[in-house]
Every structure is written in structure tokens, then in C-alpha cells.
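Trainee: Starting off with a structure, shown below.
The values are calculated or read from the model by the stated rules, or taken from the named source; none is laboratory data. Because the structure is a prediction, the values reported are computed rather than measured. Here the Cβ positions follow ideal geometry from the backbone for every residue, glycine too, while neighbour counts run over all protein chains shown. The accessibility values were calculated without ligands, DNA or RNA, using every heavy atom of the protein model including side chains. Shrake-Rupley method; radii C 1.70, N 1.55, O 1.52, S 1.80 Å.
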Amino acid sequence: QVQLVESGGGLVQAGGSLRLSCAASGRIFSVWTMSWYRQAPGEQRTLVAQSTRGGNPHYADSVKGRFTISRDNSKNMVYLQMDSLKPEDTAVYYCYAAVRPDSGVVGYEYYWGQGTQVTVSS
């Protein structure tokens with residue numbers, strides 16, 4: 001019903017920057033939360049940054065001061081600006097969203113994107 005498509009990943013040297021984008025499409029009335037998660041090989045998927053409509057963004061301690069999450073509600077898009085990248089940031093980054101499909105639905109539906117690879121070389 002809803003698709004999330006990430007883009008912007010790639011290979012970058014340590015200290016460099018990347019900007020990830022996630023576009024949500026499909027049956028969407030409103031979006032409550034849009035988030036970025038990442039998963040490195042052999043590790044669990046963890047929250048990187050979260051943006052909740054009407055609230056302040058949340059960041060994992062490991063990325064505070066380096067990453068910035070932003071969103072365009074009119075386009076149902078979320079972005080992750082990643083600066084001062086480190087090799088430990090290497091992972092597949094996933095977009096995650098909680099959406100309300102229509103005005104008559106009280107609850108939310110949850111969706112994952114397919115992921116985009118970010119590789120930071122030392």
C-alpha cells in the first residue's frame with residue numbers, strides 16, 4: 001500500500017558527507033514518524049534518527065552533532081544529512097515510516113524501505 005524508496009547512498013572517504021533521501025508514496029493521508037535506521041554486518045538494526053510530526057528530532061548518541069534529519073511533509077519525504085562520516089557509519093541505511101492511510105483511520109501503518117548502502121573508507 002505504501003512504498004518507501006531510499007537514495008543517496010554510496011562510497012565516501014572518512015570526513016566526507018552524504019545526503020540520504022526517502023520518498024514515501026501510495027495511500028497516505030498523513031505521516032506521524034519518519035526515521036532512519038542502519039544495520040551493519042553481524043549487527044542488529046538500530047535507530048539513527050527519528051522525526052515525529054510536531055516534535056523535536058531524536059538522534060542516536062553515536063551520530064549526534066554529525067547527522068541531521070529533516071522532512072518535507074508536503075512531499076512525504078525525509079532526508080538524512082550525514083557529515084563528518086566515520087568508517088563505523090558503514091551500514092545499510094533504512095527508511096522507516098508510520099503513516100495514516102486515510103482520515104477515517106485512527107491508528108498507523110508501518111513500512112520499511114529497501115535500504116541503501118553507505119560505505120565510509122578510512
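Trainee: Specify the residue that is least open to solvent (accessible area, probe 1.4 Å); the eligible residues are those in the stretch 48-99 that are within 18 Å of Gln3 (Cα to Cα) and outside any strand (DSSP E or B).
Mentor: Asn76
Trainee: So, Trp36, is that one assigned to a strand (DSSP E or B), on the phi < 0 side of the Ramachandran plot and open to solvent by 50 Å² or more (accessible area, probe 1.4 Å) or not?
Mentor: No, not satisfied.
Trainee: Which residue, of Arg66, Arg27, is touching a Ser or Thr at 6+ places or on another chain (Cβ under 6 Å) and in contact (Cβ under 8 Å) with a residue 12 or more places away in the chain?
Mentor: Exactly one of Arg66, Arg27 is touching a Ser or Thr at 6+ places or on another chain (Cβ under 6 Å) and in contact (Cβ under 8 Å) with a residue 12 or more places away in the chain, namely Arg66.
Trainee: Return the residue satisfying two criteria in turn: it lies in the stretch 1-33 and is small (Gly, Ala, Ser) and under 14 Å from the mean Cα position of the chain (by Cα), and of such residues it is surrounded by the fewest Cβ atoms within 10 Å (Cβ to Cβ).
Mentor: For the stretch 1-33, the residue satisfying everything is Ser7.
Trainee: With the requirement that a residue be in contact with a strand residue (DSSP E or B) (Cβ under 7 Å, 6 or more places away or on another chain), at pLDDT below 95 and not in a strand (DSSP E or B), what does the stretch 100-116 give you?
Mentor: Within the stretch 100-116, Pro101, Tyr108 meet the criteria.
Trainee: Give the stretch 108-122 a look and list any residue that's open to solvent by 40 Å² or more (accessible area, probe 1.4 Å), under 20 Å from Gln1 (Cβ atoms) and not hydrophobic (A, V, I, L, M, F, W, C), or say none.
Mentor: Tyr108, Glu109, Tyr110, Tyr111, Gln114
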